[in-house]
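Below you'll find the structure, written out as structure tokens, and then a few comments.
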Amino acid sequence: TYAKMIHGNRPLKFRMPITFNGNFVEWFYWGFIDGDFITPHDKYRTCPSFQYTGFNDKYGKEIYEGDVICFWQYYYVPSYVGERELITKIVQCDSSGEWNVSRWIRHDIEVIDNIYETPERLNETTR
């Protein structure tokens with residue numbers, strides 16, 4: 001068995017897209033899973049991998065790098081209380097090595113998509 005299954009406070013695992021004729025088929029999960037180290041088959045080693053952030057959305061779904069999340073952000077101004085705005089973000093690691101999702105985890109985050117299955121999400125403006 002491997003001594004280190006956790007990186008920081010999160011399990012060290014990844015997912016990679018499996019495609020057929022250029023179309024997404026399913027995700028292959030690899031890394032430390034259920035106490036074992038699973039590695040991708042050689043023919044998939046050139047595929048991109050997306051790392052697990054250690055966070056789950058409000059429904060318990062794991063949040064991975066490249067996922068698109070949304071949440072409501074509330075603004076409270078002295079003269080006006082309760083204005084809210086729907087925020088959409090692409091999950092990514094910042095220059096300090098922290099996942100940007102960690103800043104919003106106190107909100108009810110929901111995973112709504114990912115940039116691999118829907119690459120046009122990369123072109124959307126996020127706040």
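Any idea of CYS93's accessible area? Nearest 10 Å², probe 1.4 Å.
Surface open to solvent at CYS93 totals about 70 Å².
Which net charge results when you count Lys and Arg as +1 and Asp and Glu as -1 among the other residues whose beta-carbon is under 11 Å from that of TYR59? Don't skip to the end; give the middle numbers.
On the way: positive: LYS58, LYS61; negative: ASP57, GLU62, ASP108, GLU110.
Computed value for this residue: -2.
Please arrange ARG103, ARG15 by accessible surface area, largest first, computed with a 1.4 Å probe and ligands excluded. Mind dumping the intermediate values first?
Numbers: ARG103 120, ARG15 10 Å².
Putting ARG103, ARG15 in descending order of accessible area: ARG103, ARG15.
Hey, rough spin-label estimate for THR39 and ILE112, points 7 angstrom out along Cα→Cβ, what's it come to in nanometres?
It works out to 4.0 nm between the two label points.
Rounded to the nearest 10 Å², what accessible area does ASP36 show when all protein chains are kept and the probe is 1.4 Å?
Surface accessible to solvent at ASP36 totals approximately 90 Å².
What chymotrypsin sites (Phe, Trp or Tyr not before Pro) in region 10-75 are in a loop by DSSP, with at most 14 other Cβ atoms within 10 Å of the Cβ?
Working: sites: PHE14, PHE20, PHE24, TRP27, PHE28, TYR29, TRP30, PHE32, PHE37, TYR44, PHE50, TYR52, PHE55, TYR59, TYR64, PHE71, TRP72, TYR74, TYR75; in loops: TYR59.
Hits after loop and neighbour filter: TYR59.
Given the protein chains as shown and a 1.4 Å probe, how many square angstrom of ILE18 are accessible, to the nearest 10?
ILE18 has an accessible surface of roughly 20 Å² with all protein chains in place.
The values are calculated or read from the model by the stated rules, or taken from the named source; none is laboratory data. Only a predicted model underlies this, so the values are computations on that prediction, with no experimental measurement involved. In this analysis, Cβ positions are derived from the backbone assuming ideal geometry, glycine residues included, and neighbour counts consider all displayed protein chains. Note: accessible area is taken over every heavy atom of the protein model, side chains too, but ligands, DNA and RNA are not part of it. Shrake-Rupley method; radii C 1.70, N 1.55, O 1.52, S 1.80 Å.
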